[in-house]
Each structure stands twice: as structure tokens, then as C-alpha cells.
Amino acid sequence: MFPMLTLLSMFYYICLRRRSRSGTRSEALGSRRAVELGQRSALPVTVEVEQYGKEVLDFSSHYGSENSMSYTMWNLAGVPNVYPSSGDFTQTAVFRTYGSWWEQCTSSASRFRRTPPSFHSQDYLELAFEEPVYPTAVEVLETYHPGAVVKILACSLNPFSQNPPVDVRWEVLWAGKPNKALTPQARQFSPSIKQINFATNLLRLEVNSSLLEYYTELDAVILRGVRERPILALYKIPVIDINDLSDSEEEISEAGGLCCRSGGENRHNLGNGYFDRLPYELIQLIVSHLPVPDLCRLAQSCKLFHKHCCDPLQYIQLSLQPYWARLTDASLSHLLSRCTLLQRLNMSWTGNRGAVTAAGFCSFMKACGVSLVCLELSCCHFLTEACLEVIAQTCPCLQELNLASCDRLQPQTFNHIAKLTNLRRLVLYRTKVEQSAILSILTFCPELKHLNLGSCVMIEDYDVVASMLSARCRSLRSLDLWRCRNLSEHGLAELVSGCRLLEELDLGWCSTLQSSSGCFQHLARSLPRLRKLFLTANRTVCDSDLEELAANCSALEHLDILGTRMVSSASLRKLLQCCPRLKLLDVSFCSQVDSRLVQELSGLFPNVSIKKSFTQ
């Protein structure tokens, strides 16, 4: 098998190399001479402009509420609020997650095959500036646990212009791997950026916080640039490889040896480098390791590879998220005939600013949605009610649907989800879903196991939702109610009494719950399978609550009690002793838990990551 892999690699390299040539040797050398002459000439005097972000236009998630400014992405606009200070400040921009904790949860979606190893992004934000410039530098002011930024992009669109261009381009200014700074202290991150040939006032930052010890916090972004196009940007400098200076007969000979040589010594070769003699399934396996763009390129090389690369079995899983900047209606149309057996599709982040239309998406769904079981559409702002209606009509087998941060969908749109009666996982984080729609969904989708209603501010009464969950969704495994403001102890009691299989429950920033009612103790006694519990910023959590968790929830792995004033060292010790699987314990801003105690407990329980944030 390995010789065949080597053979394919050689052939594939030659095909790509020949297709990627931008010009002849004389053209390449001519471009270089032009640049050298340009460098000798006098350069125009330009003035560098420095500007802070004017407006946050879009983002994938944030820690904060939709109704306040604390810990929200909107804090990134304007001059710094915190920098150069370090620590946990509410005036900064904070994403929803950090570390690998969320990926370890049962509610996490499984990874898509063929995701390029170079695609690291987990979250993003888009920031507009006042004046378009040719970028010379981008500076990100990180005030807590820096290192999350993995990509910086610039857009050719002026978001404040009344006449947007037909062709919107995104250009990568800088890209890197996930990183973790040596200390959580503030820093100014200013990587060397690539020069681009258009002016921009719209930047996009993509982040990956998986290596960080705690939430990363961003304070401001500075865009530096010049108004006039730099002289060096007038020329495209091709990379001249030493092999490109040689004649191409040898390369043609090599290519012929693999796929088109028909000489006497190869009389028995069928014209494809013996690939025709391999079992069909083996070639399929080899080709299955290629990312989607390479798969499409290889399909153009010869009839044999076209047949394999267009086989619908190669497209049972398809993740288009890494290619969000290039995906258009034409791309979907091109993939149409190949995706007739499609089962898992990830189009998160794609299609915004007119790149994909509702009509183009609906056509694709009608042709390819009949076998879909998983559909990821987070941050897809092209979606309309017609799109959800088509999904409901053409995807009868759908089990997983992610509409996170599709905050431009109108409330009535979500009624169509109730027609997807086989749903097992539903993510509606930061959407405008209303109470009537969610009640309808819960009525007709009793097999739900994972439900995310975090930051759904248009649900008026979460007690009614909790009651419906208790009655209809008794197989529920995970429930995210992050920042739901009106869940009472009565609703919580009904929820945990009916959904006893719950393993994950996020009640972070649910300020209406009061420990004095006994609701948290009842929760602990009712959910013995509990693995993750977030009671973030509930000031009333007390020792008796932790003692009940220690006595009844021995499988507990993640616990967040940030901000409580009532928990002592004794109850923490008992919890750590009785929950041997505990991996994460957040006691930040717990007034009775100081850094000395955290250090002592970390030494006694080294397998537990105990979090205690600070503010300078």
C-alpha cells in the first residue's frame, strides 16, 4: 500500500505544480526586474494612519449578556478600557469558552473528517474601522491569558459604503497555530502582516483558546496603514524556484510515466500508472485522505481520478467551514452532483455578505438533504425562514441541528424546527427563538438529548420550558440555560425531577435561583449521573450545596461556582475527596477562597485544575 501512496503523491504533486504556474520563466524574471527598478526609484512619502475599531459587526460567541456590556464583544470597539493593566475585567471582550473542557463533554459535536490540519479557528469577530487603509500593522491588546489569536484577515468591502463591491475578497494578513503565552499578563500582539493590494477598514480575528488556562480577554485592536497604495503592492512577486528555471521535458516525461506513457515497455499498463489494477475500494481509501479543495483539483487530472473524486461516497461528511471565505452559490452548485449521499454537513460561518444566497442554499438542500443526519449552520446570516422550511421538508432524518448565533433569524422561523421529529441535538445559542416555538419543538421532538438555549433572551418564562422538558424529554443528557434570567427554584425542581438522566447542566448567571430554597440540594440528590454543573455567578451557593454534591454526584468532572460568597475551605475539601473524577473547579471571585488555599488544594489534588482569576 505504501508504494501506491508514494506513487499517488508524486503524480499529484506534478499535476498541482503544472496547474499552479502563474507564468513562464521570462515573465517571472521580468516581474522581478520591474520590482528592482521600482525599488531604485523614489518612493512617495506617505503618512501612516492609526485608528481603533469603530464598530463590532459580527462575532461567533461571547461570555457576556445580550443586554449589557460586561464581557461582551462590543467592548472591543474604541480606545482601550483596561490595557496596560492585566487581569479579569468586565470591560473587555471575552469569548464563551476556553481550554479543552467543552470538547470533552458529551454534548460536543464530533469532529468532521477532512478538516484541514491548518484550520485551527474556533471563534471569530469582525471589527470595522473608520477609514480604509493599506495595512502596515495590526495590534491586538490582550489583557488576560493572551495567545488565542490564530488568524487575522482583511476584507475588500467597506461596511459603511453605500455601494458595496460585487466581488468581496478576504485576504489573510497573518496566520499561526494555537499558542499560550508564558504568563497571563497583558501584552500587545503585533505580528508581521502580509502586504495586500487593496485598502481595508474591516478586519476579522479568528481565535483558538484550547491551550489557554482561562478565558482570554481582548481590550482593543489598532489598525495602522497608509492611504495611498504602497509602490511594492503594484507588483506581484512570484516565488521563483530553481526547478522552474529548467525546461519542462523531464517533467512531461515524469508525468507520462505515471498516467499517459504508452511505450513498449509499458504495453500492459492501462494508462494510469497501474492504478487501474488496484481494487476500487483501495483507491477510494487513498483519495479519502485529501481535503476537499485538493479532491476537486485531483478530479481534473484524469478520468480515473475524476471517477473516484466525484464518487458520492467521498462526500458522506463535508465540512465547508474552513473555506468560508471562498464558498459561494457556484461552489454549492459544483458540489451538487457529488453530495447525493451526504449525511453530515458543516456550513458554519459561510455565505455572509451575499456570498451564499437563501435560494442557492435551498437548491442544495433539496438535492442533497434527504440523508442528512447532522447540519451545522452557526453564524450563517444568509438563512431565512424559507431555508428552515426547506430543511424541515427535505431532511426527515436530521438528528443534529446547530443554529448558534444565527441572531438575524426572525422568531417565527423557529416554528419549522418542530417538524424535525428525529432531533437529538439542538443548539439555539444567541437566537431569537420565542417561548411558543420552543414549546412546540419540545412537544414534537421527544427524543432530544442535547439542548442549548444559552442567551436566548426572548423566552419569557423558563419555568414553563422546564416543565415541558420534564414531561416530554426524559432522555435529556445535557441542557444549557446560560444567562436565562427567569428560571425559578420551582422550574428547576420540576426539571431535575423529570430529566434524571442529565449529565450536563449549565445554570451560569441564572440570578433568580436562590440556594436558600434548597433547589441546589434537590438538584444534587436528583441527578446522580451529573458530570458537569455550572452555577457561575450565583452568589448564594453555600457549603450545604457542595456537601450534597459530594454525597450524591461522585461522577462530577466540571464544576463552576465562580462568585459565591458562602463556600468555605472545608466543603471544598470534602467535594474534592468525594469526587475523584473532578477535572475542573472554578472558584474565581469566591470571597472565602484565597490564592493560598487554591495553591494548597492544587498540591493535594494535582489532577484537578482549580481556577482562581485575578485583577491587578
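Tally Lys/Arg at +1 and Asp/Glu at -1 over every other residue whose Cβ is under 11 Å from the Cβ of residue 199; what's the total? Combined, the nearby Lys, Arg, Asp and Glu give 0. Can you tell me the 0 to 90 degree angle between the C-alpha axis of helix 462-472 and the longest principal axis of the chain, rounded to 10? Relative to the chain, helix 462-472 is tipped by roughly 80 degrees. The charge dipole of the range 460-615, taken about its Cα centre with unit charges on the Cβ of Lys, Arg, Asp and Glu (plus for the first two, minus for the last two), comes to roughly 400 debye. Calculated mean residue ellipticity, 222 nm, the chain: -7500 deg cm²/dmol, from DSSP H runs (n ≥ 4) at -39500 (n - 2.57) each, averaged per residue and rounded to 500. Think of a 1.4 Å ball rolled over the protein heavy atoms: the chain then has 43 Å² of accessible area per residue.
On full extension, the segment bounded by residue 197 and residue 274 gains 23.2 nm, given 0.36 nm per residue less the C-alpha separation. Note on the chain: with charges restricted to the Cβ of Lys and Arg (+1) and Asp and Glu (-1), its dipole about the Cα centre is near 1180 debye. Computed over protein heavy atoms with a 1.4 Å probe, the carbon and sulfur contribution to the accessible area of the range 50-119 reaches 50%. Give me log10 I(q)/I(0) at q = 0.13, 0.14, 0.16 Å⁻¹ for the range 460-615, Debye formula, one equal scatterer per alpha-carbon, no solvent. Those come out to -0.54, -0.63, -0.82, one per q.
Applied to the range 130-138, the Karplus parametrisation 6.51 cos²θ - 1.76 cosθ + 1.60 on θ = phi - 60° returns per-residue 3J(HN,Hα) values of 5, 10, x, 9, 7, x, 10, 6, 10 Hz, with x for Gly and Pro. In order along the range 381-390, the Karplus-derived 3J(HN,Hα) couplings, from 6.51 cos²θ - 1.76 cosθ + 1.60 at θ = phi - 60°, round to 7, 7, 5, 10, 4, 4, 5, 5, 5, 5 Hz, and Gly and Pro are given as x.
Set the Cα radius of gyration of the range 358-464 against 2.2 N^0.38 Å, with N its number of residues, and you get 0.98. Across q = 0.10, 0.19 Å⁻¹, the range 69-209 modelled as identical point scatterers on its alpha-carbon atoms has Debye log10 I(q)/I(0) values of -0.39, -1.26, in the order of the q list. From most to least packed by mean Cβ count within 10 Å, the peptides 414-425, 342-353, 597-608 give 342-353, 414-425, 597-608. Checking [x] 0.98; [y] 1.01; [z] 1.37 against Rg/Rh (Cα atoms, Kirkwood Rh) calculated from these atoms, the matching label is [y].
With a cut-off of 12 Å between beta carbons, the residues surrounding residue 540 carry a summed charge of -1, where Lys and Arg count +1 and Asp and Glu -1. Specify the angular offset, from 0 to 90 degrees and rounded to the nearest 10, of the alpha carbon long axis of helix 595-604 from the longest principal axis of the alpha carbons in the chain. The angle comes out near 80 degrees. Each peptide among 141-149, 51-59, 373-381 gets the average number of other Cβ atoms lying within 10 Å of its residues, and from highest to lowest they stand as 141-149, 373-381, 51-59.
Between the helical axis of 489-498 and the longest alpha-carbon principal axis of the chain there is an angle of about 70 degrees. Within the accessible area of the range 430-526, what % is carbon and sulfur when the probe is 1.4 Å and the other protein chains stay in place? Of all accessible area on the range 430-526, carbon and sulfur atoms account for 50 percent.
List every residue whose amide H lies under 5 Å from the amide H of residue 200, counting only residues 5 or more places away in sequence or on a different chain, with H placed 1.01 Å from N in the peptide plane. Here 133, 134 satisfy the definition. Across the chain, the relative contact order, built from alpha-carbon pairs under 8 Å that are at least six residues apart, equals 9 percent.
The values are calculated or read from the model by the stated rules, or taken from the named source; none is laboratory data. Computed from a predicted model, the values in this text were never measured in an experiment. A quick note on method: Cβ atoms are made from the backbone with ideal geometry, for glycine too, and the neighbour counts reach across all protein chains shown. To get the accessible areas, we keep the full protein, side chains included, count just its heavy atoms, and leave off ligands, DNA and RNA. Shrake-Rupley method; radii C 1.70, N 1.55, O 1.52, S 1.80 Å.
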